[in-house]
1. Scan the range 121-178 for residues that are over 30 Å from Asp29 (Cβ atoms) and among the polar types (S, T, N, Q) and jot them down.
2. Every residue in the range 250-282 that is part of a helix (DSSP H, G or I) and exposed (fewer than 14 other Cβ atoms within 10 Å of the Cβ), please.
3. Among the listed residues Ala122, Ala85, which satisfies the condition of being surrounded by fewer than 16 Cβ atoms within 10 Å (Cβ to Cβ), among the hydrophobic types (A, V, I, L, M, F, W, C), assigned to a helix (DSSP H, G or I) and in contact (Cβ under 8 Å) with a residue 12 or more places away in the chain?
4. Taking the range 174-192 on its own, how many of its residues are surrounded by 17 or more Cβ atoms within 10 Å (Cβ to Cβ) and free of Cβ contacts under 8 Å to residues at least 12 places away in the same chain?
5. When Ile254 is evaluated against the numbered criteria (1) of a type in the set (A, V, I, L, M); (2) in contact with a Leu (Cβ under 8 Å, 6 or more places away or on another chain); (3) at pLDDT below 85, which criterion, by number, is the only one it fails?
6. Residues that are more than 25 Å from Cys263 (Cβ to Cβ): list the helices (runs of 4 or more DSSP H) wholly contained in the range 129-243 that include at least 1 such residues.
7. Considering Gly242, Gly237, Gly218, which residue is at positive phi, touching a Gly at 6+ places or on another chain (Cβ under 9 Å) and touching a residue at least 24 places away in the same chain (Cβ under 8 Å)?
Amino acid sequence: MRFDQPLPIADWVSQGVGAVTDHYAKAFDAFSGAVQHLIGGLQAALLWLPPAAFIALVVVLVLLSHGLRRVGSWTLGVFAAAGLALVWNLGYWDAMVQTLALVLAAEVLVLIVGLPLGIASANSRVLDRLLRPVLDVMQTMPAFVYLVPAVIFFGLGLVPGVISTTIFALPPLVRLTALGVRQVPRELVEATQSFGATGWQLLLKVQLPSARPSIMAGINQSIMLGLSMVVIAAMIGAGGLGNVVLQGITQLDIGRGFVGGLCVVILAILLDRVTQALGHTHKEKR
């Protein structure tokens, strides 16, 4: 090996990406169409409700998830109503809905990929050892790097924004799902197996319910990471509130950037509190 010449790693990567793009172009187009339909369906469903009805629905969801008898749930309900009403008043309701649809679409893909991987990792030491360095790289890689392959494979727009957000937000769910399944008491697993339960019955009726707090924590973390990608994804045409913040940055419009960031914060707080509450058991809430 000659040390006076750098290894052509960049060329290898470019050639590999080019080969994948040439051979699997139809598959990428089909997947892009499916993701586009998912995003379009979520946006249509969210925009179908008038803003006032949407705000009322969110307030009810907040109260039910936190418990009607708790003072904190009513405080959060007032915050939800006031925060969403402020977004509506500022004229960024459609942008917020677009951002919410992007985050939810990415979370659907995260659940489809992350839950099975986490469960399989918990039950296989070999797979766990193989996934660990991959997840480490995914979590330490700068978020901007994910935009490059997403744009190459899927072009510009919402779809590459969803794909890059999915990759960035995937590791916490895989790790916490595997952790939750591993922490199920061995005595409980052995007792279930002694009664003749199948593997699917053990998974669906014992392991997943016991691991629910850990899984919901993974969902919560992946949603928060997805929201952190909103502004970055706007750089490749994802739109939404990230585009508002990006315009404020590029045009040196401090007020516009602040308002866009404020709307993102309101949405993040609501999603964070609701997903945290769903992860708590009834006994913990009491």
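The values are calculated or read from the model by the stated rules, or taken from the named source; none is laboratory data. These figures come from a predicted structure and were not determined experimentally. In this analysis, Cβ positions are derived from the backbone assuming ideal geometry, glycine residues included, and neighbour counts consider all displayed protein chains.
1. Result: Ser121, Asn123, Ser124, Thr140, Thr177.
2. Applying the first criterion (part of a helix (DSSP H, G or I)) to the range 250-282 yields 250, 254-279, 282.
Those that are part of a helix (DSSP H, G or I) and exposed (fewer than 14 other Cβ atoms within 10 Å of the Cβ): Thr250, Ile254, Gly255, Phe258, Val265, His282.
3. On the way: Ala122 fails: surrounded by fewer than 16 Cβ atoms within 10 Å (Cβ to Cβ).
Just a single option satisfies the conditions, and that option is Ala85.
4. 0
5. (2)
6. Per the criteria, 147-154, 158-182, 186-194, 199-202, 212-228.
7. Details: Gly242 fails: at positive phi; Gly218 fails: at positive phi.
Of Gly242, Gly237, Gly218, the one residue that is at positive phi, touching a Gly at 6+ places or on another chain (Cβ under 9 Å) and touching a residue at least 24 places away in the same chain (Cβ under 8 Å) is Gly237.
Every residue, every condition in (1) at pLDDT below 80; (2) part of a loop (DSSP other than H, G, I, E, B); (3) under 30 Å from Ala85 (Cβ atoms); (4) under 21 Å from the mean Cα position of the chain (by Cα), yes or no:
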position	(1), (2), (3), (4)
Phe3	yes, yes, no, no
Asp11	yes, no, no, no
Gly40	no, no, yes, yes
Ala53	no, no, yes, no
Val60	no, no, yes, no
